[in-house]
Every structure is written in C-alpha cells, then in structure tokens.
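Participant: Just passing along the structure, written as structure tokens.
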Amino acid sequence: MPTNSKDRKRRHGALYLIALGGISIVIVAGVMALQPAPTPLDWIIRATAMLGFLAVFLTAISAVFMRELYQLLGRPFIRVHHVVAVAGLVLVTLHPVGVAIRSSSLRVFLPDFSSVDAFLSLGGRPAWYLIGLASLAALFRTRIKQSWRAIHYLNYVAFFLATAHALMIGPDFGSLAMRGVAALMALALVGVFVHKRLKRWRLTRRR
Ligand code: HEM
Ligand code: HEM
C-alpha cells in the first residue's frame with residue numbers, strides 16, 4: 001500500500017476509534033440519565049464502571065476481527081487491542097478507586113469469600129485482579145512463552161464475574177433491557193472463546 005493511502009487509512013482509523021469512544025460515552029450518559037445519581041462521585045463510579053465494562057468487552061471481541069480491524073483501521077490487531085485494553089484498565093481501576101473514596105476504605109479491594117452470593121455480587125473485586133494479571137501475562141508473553149495464553153484466558157472468567165457483579169448490584173442493570181444487553185455481551189464472549197478454540201484446533205490439525 002503506498003505510504004499516503006496507508007497514512008490516510010490510519011488517520012481514518014484514529015477517527016473511528018475516537019468516534020467509538022464518543023458513541024460509548026453518549027450511550028452510557030443516556031442510560032445514566034434515566035436514573036440520576038445523588039452525588040458527582042456516584043456518577044463517576046457508575047460511568048467508569050459501565051465504560052470500563054464496555055471497553056473490556058470490546059477488547060475481548062477485537063480478538064475475533066484481527067484481519068478486519070487491520071483493513072478498517074490500518075493498524076495491526078495488537079495495537080488496537082492494546083489501546084482499548086489500556087482504556088478499559090484505566091476505567092475499571094478508577095471505578096473501585098471511586099468506591100474506596102466513597103466508603104473511605106481500601107477493603108473494597110478484597111474479594112469476599114463469605115458466600116457464593118457475596119463473592120458473585122462483589123465479583124468486580126476478583127475480576128479486577130484477573131484482568132490485571134491477564135494483561136500482565138500478555139505484556140510479558142515473549143518471556144513466559146506458551147503459558148501466557150492460558151493466563152490471558154482469565155479475561156473470560158473476569159468478564160463473567162464482572163457481569164454477575166453488574167447484574168447483582170449495578171443500579172443501571174435493574175431493567176430488563178440492560179439485563180438483556182449484559183446477557184448478550186456474555187453470550188458473545190462465549191462465542192469468541194468457542195470460535196478461537198475451533199480456529200486453533202483446525203490450524204493444528206492441518207499441520
Ligand atoms: C482489558 C484487557 C484485555 C482483555 C479483556 C483481553 C482479551 C483478549 C481475548 C478474549 C483474547 C482472545 C484469546 C483466545 O481465546 O485465544 C485476546 C488475545 C490476545 N491478547 Fe488480549 N486482552 C486484554 C489485554 C491485552 C494486552 C494488554 C495485551 C498485550 C500487551 C494483549 C495481547 C493479546 C494477544 C497478543 C492476543 C492473541 C491474539 C491471537 O493470536 O489469537 N491483550 N485478548
Ligand atoms: C475492586 C474492584 C471493584 C469494586 C470495589 C467495585 C464496586 C462496585 C460497586 C459498589 C458498584 C455499585 C455502584 C453503585 O452503587 O454506585 C459497582 C457496579 C458496577 N461495577 Fe464494579 N467494582 C469493582 C470492579 C469492577 C470491574 C473490574 C468491573 C468491570 C470489568 C466492574 C463493573 C461494574 C459495573 C458494570 C457496575 C454497574 C454500574 C451501574 O449499574 O451503573 N466493577 N461496582
């Protein structure tokens with residue numbers, strides 16, 4: 001591809017990513033407007049939760065559209081995956097930091113193993129560690145070789161814990177519509193997992 005057209009594609013790609021961020025903010029603001037939060041800190045906790053949840057989802061989904069993303073955005077899959085992942089990591093960190101400030105306690109970072117119900121409703125806590133661990137494994141993948149991929153799969157577990165957490169205690173996930181959206185997102189990730197496994201299995205069989 002000539003450099004000029006490659007540059008143009010990249011510029012358009014950056015605009016698409018910015019537009020995706022803008023659309024996500026508008027959707028989240030719309031959902032939140034239906035149920036206004038009592039304080040600015042509550043707005044921040046809910047907005048970072050929903051945007052972070054969406055960014056983690058989009059990062060995971062991006063793994064299925066490697067070629068398409070390259071064609072559309074003019075950047076290798078890993079760059080796009082990286083940018084959205086970093087946005088997600090920042091947001092899902094600001095979210096519990098907001099909760100810690102609201103409750104004046106760092107205990108909000110401790111997973112609760114007292115019952116299955118408590119563990120799942122506060123499932124964002126373990127999910128936060130799992131996403132961090134899975135991302136670190138990807139960052140150091142050349143050093144830890146094969147095992148990084150298995151650790152990276154923890155992102156799936158994290159997403160399901162975060163979904164349970166949002167459905168069980170999220171003020172914006174009370175409606176049938178939002179519950180349906182969360183269920184569809186989780187189902188789509190099951191699809192991603194199965195699709196990736198089938199693709200790998202076919203590749204290894206061909207060799
Ligand atoms: C929010 C954080 C992240 C999430 C939710 C996420 C999610 C995923 C998922 C679901 C896959 C497909 C795995 C499979 O089933 O085979 C994947 C693949 C991958 N991710 Fe991430 N990821 C995150 C962060 C990162 C980071 C920070 C990096 C790099 C530093 C990274 C690098 C990769 C690579 C190299 C692949 C392999 C693609 C392939 O060859 O199939 N990921 N990621
Ligand atoms: C230490 C980690 C975490 C803590 C302490 C935490 C805490 C909370 C709390 C207290 C709420 C209820 C919000 C409110 O009452 O204002 C909530 C909601 C939520 N959390 Fe977390 N969370 C954590 C991690 C995560 C992670 C990692 C994700 C996503 C990957 C996440 C996604 C959500 C979502 C989507 C909601 C629903 C927001 C809404 O309905 O507006 N949380 N979280």
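The values are calculated or read from the model by the stated rules, or taken from the named source; none is laboratory data. Remember, it's a predicted structure, so these values are computed and weren't measured experimentally. Reconstructed Cβ throughout: ideal geometry from the backbone, glycine too, with neighbour counts over all protein chains shown. Note: accessible area is taken over every heavy atom of the protein model, side chains too, but ligands, DNA and RNA are not part of it. Shrake-Rupley method; radii C 1.70, N 1.55, O 1.52, S 1.80 Å.
Participant: For Leu161, state whether it is surrounded by fewer than 10 Cβ atoms within 10 Å (Cβ to Cβ) and either of a type outside the set (S, T, N, Q) or in contact with a Cys (Cβ under 6 Å, 6 or more places away or on another chain) (or both).
Facilitator: Working: surrounded by fewer than 10 Cβ atoms within 10 Å (Cβ to Cβ): no; either of a type outside the set (S, T, N, Q) or in contact with a Cys (Cβ under 6 Å, 6 or more places away or on another chain) (or both): yes.
No: the conditions fail for Leu161.
Participant: So, in region 59-69, exactly how many residues are buried (at least 19 other Cβ atoms within 10 Å of the Cβ) and closer than 26 Å to Asp7 by Cβ? Spell out the reasoning first.
Facilitator: Of all residues in region 59-69, those buried (at least 19 other Cβ atoms within 10 Å of the Cβ) come to 59-60, 62, 69.
Pick out the ones that are also closer than 26 Å to Asp7 by Cβ and you get 59, 62, 69.
The qualifying residues number 3.
Participant: Right, another one. Closer than 30 Å to Asp172 by Cα and near ligand 2 (Cβ under 9 Å from one of its atoms) - does that describe any residue in region 7-30?
Facilitator: Yes.
Participant: Let me ask something additional. Give the residues of region 147-158 that are buried (at least 22 other Cβ atoms within 10 Å of the Cβ) and either of a type in the set (Ser, Thr, Tyr) or in contact with a Phe, Trp or Tyr (Cβ under 9 Å, 6 or more places away or on another chain) (or both), sorted by residue number. Don't jump to the end; show me each part of the working.
Facilitator: Start the filter on region 147-158 by keeping residues that are buried (at least 22 other Cβ atoms within 10 Å of the Cβ), which leaves 155, 158.
If the condition is that a residue be buried (at least 22 other Cβ atoms within 10 Å of the Cβ) and either of a type in the set (Ser, Thr, Tyr) or in contact with a Phe, Trp or Tyr (Cβ under 9 Å, 6 or more places away or on another chain) (or both), then Ala158 is the only one that fits.
Participant: Let me ask something additional. Please tell me if Arg125 is under 19 Å from the mean Cα position of the chain (by Cα), open to solvent by 30 Å² or more (accessible area, probe 1.4 Å) and of a type in the set (Lys, Arg). So that I can check it myself, show each step before the final result.
Facilitator: Numbers: under 19 Å from the mean Cα position of the chain (by Cα): yes; open to solvent by 30 Å² or more (accessible area, probe 1.4 Å): yes; of a type in the set (Lys, Arg): yes.
Criteria met by Arg125.
Participant: How many residues, within region 70-84, are surrounded by 18 or more Cβ atoms within 10 Å (Cβ to Cβ) and touching a Phe, Trp or Tyr at 6+ places or on another chain (Cβ under 8 Å)?
Facilitator: Result for region 70-84: 1.
Participant: Sticking with this structure for a sec: Any chance you could count how many residues in region 94-116 are free of Cβ contacts under 8 Å to residues at least 40 places away in the same chain, in a helix (DSSP H, G or I) and open to solvent by 50 Å² or more (accessible area, probe 1.4 Å)? Before you say what the answer is, go through the steps one by one.
Facilitator: Here is the first cut: in region 94-116, the residues free of Cβ contacts under 8 Å to residues at least 40 places away in the same chain are 96-97, 100, 103-116.
Applying the additional criterion that residues be in a helix (DSSP H, G or I) yields 96-97, 100, 103, 106-109, 116.
If we keep only those that are open to solvent by 50 Å² or more (accessible area, probe 1.4 Å) too, we end up with 97, 103, 106-107, 116.
Final tally of qualifying residues: 5.
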